[in-house]
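Take a look at the structure set out below.
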Amino acid sequence: MRHVILHGHIFKNAGTTFDWSLERCFGEGFVDHRDDKTMRERRARYLAELVSETPQLRALSSHHLCSPRPEMDDVTFHPVYFLRHPIERIASVYAFERRQDADTRGARAAKEKDFQEYVRWRFQNNVPGTIRDYQTCNITGCHDSKTKQAPVSWLRRGINQLAAIDCVGVVDRYDESMVVFEAKLRADFPDIDLAYRAQNVTNPRSEVTLETRVNDTLERLGDLAVEVIRLNSYDLALYRQANQKLDAALAELPDAERSLEDFRKRCQKLNARRLRLW
């Protein structure tokens, strides 16, 4: 039986950092999949073919991971997703697209518009829903929907999806998430080591709490805040579920605090080595 990690890489949800760890851990056994068009069009059938044709594959990351996943007699898939507070995520998306060296619609709009103007633009029906229950759409496999507000059936599906997945991380609790992931995956990946160097970070970590960051963002949104919350209510629900799931998983670990301390020491060593190289 083969075991393959499938990372549903949601934009601005710490996915690049997690992919860095997967590549460090698995080397050529990791595939950062970028053929989004084929994945969107052929979905589970294409993923099954890709896995069959790549015998060395041990981990794959995709911005358009299909759902449901293919059923293969000789392969067990281990899906991984990260959830982020959607209000904080909106600010991160805007900041990233403002500084991004790209000619995408989002990057152009972010450079031309202030924060509120950008959010209003993103809420138009003919604009990709990058900040409208985007995490729910990804987890349910409805990435390309043009619907302004996702139907409630997608929320129910997202809740069921998260309940069935062992590895559900929370971006603002990244280290705790990694400790749980290592514990869940170690039986099938004995050498798993998800220590990391943070990648593609728009705003480095600070002592400012998540609650403060969210409140600051809502204040920046002004009267638009109510609409933002309405169009991200499903993501807020899934984010709460992800936190509850992480709390339960940590409570099941025999010595979560020691595991967390060990994990952070490994990360410190990685980052110290980088500083010495510089």
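The values are calculated or read from the model by the stated rules, or taken from the named source; none is laboratory data. This is a predicted model, so every value here is computed, not measured. Here the Cβ is made from the backbone with ideal geometry for all residues, glycine too, and neighbour counts use every protein chain on show. SASA here: full protein model, heavy atoms, side chains in, ligands and nucleic acids out. Shrake-Rupley method; radii C 1.70, N 1.55, O 1.52, S 1.80 Å.
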* Asked: So for the chain, taking the charge dipole from beta-carbon charges (+1 Lys/Arg, -1 Asp/Glu), which of Val170, Pro190, Asn125 sits furthest toward the positive end?
  -> Asn125
* Which of Asp103, Asp247, Asp216 moves most in a GNM of the chain, Cα contacts under 10 Å? -> Asp103
* **Förster radius 25 Å - calculated FRET efficiency between Ala102 and Ala251 (Cβ-Cβ, nearest 0.05)** => 0.05
* To do: Kindly sort Arg89, Arg43, Arg264 by accessible area of their heavy atoms, largest first, with the probe set to 1.4 Å.
  => Arg264, Arg43, Arg89
* **Tail fraction, Cα-Cα pairs, segment 1-63, threshold 20 Å, whole percent** => 24
* To do: Give the whole-number value, in cubic angstrom per residue, of the convex hull volume spanned by the C-alpha atoms of segment 73-144.
  => 124
* Per residue accessible area in Å² of segment 1-158, where ligands, DNA and RNA are left out and the probe is 1.4 Å -> 44
* Using a simple charge model, +1 on the beta-carbon of Lys and Arg, -1 on the beta-carbon of Asp and Glu, nothing else, what dipole does segment 108-242 show about its Cα centre, in debye to the nearest 20? -> 580
* **Residue-level accessible surface for Arg105, protein heavy atoms, 1.4 Å, Å²** => 110
* Starting from the residue with the highest accessible area, list Asp223, Asp166, Asp175 in decreasing order, probe 1.4 Å. => Asp223, Asp166, Asp175
* Structure fact -> Given the candidates Asn243, Val228, Pro151, the one whose Cα lies deepest towards the positive end of the charge dipole of segment 100-257, counting +1 at each Lys or Arg C-beta and -1 at each Asp or Glu C-beta, is Pro151
* Over the Cα atoms of segment 1-137, what is the Rg over Rh ratio if Rh follows Kirkwood? -> 1.02
* Asked: Projected onto the charge dipole of segment 1-125 (+1 at Lys/Arg Cβ, -1 at Asp/Glu Cβ, origin at the Cα centre), which of Ser92, Val80, Leu65 gives the Cα projection farthest towards the positive end?
  -> Ser92
* So how strong a dipole does the chain carry about its Cα centre when Lys and Arg Cβ are +1 and Asp and Glu Cβ are -1, to the nearest 20 debye? -> 620
* **Binned Cα-Cα distances of the chain, short to long, each 10 Å bin given as a whole percent** => 6, 28, 36, 23, 7, 0
* Asked: Magnitude of the Cβ-charge dipole of segment 171-227, K/R +1 and D/E -1, about the Cα centre, nearest 20 debye?
  -> 160
* Distance in nm between label sites at Arg42 and Ala187, each 7 Å beyond Cα in the beta-carbon direction? -> 3.3
* **Heavy-atom accessible surface of the chain: percent carbon and sulfur, 1.4 Å** => 47
* Asked: Using the alpha-carbon centroid of each, what span in Å lies between segment 1-21 and segment 66-115?
  -> 12
* So for Arg213, Arg156, Arg58, what's the accessible-area order with a 1.4 Å probe, most first? -> Arg156, Arg58, Arg213
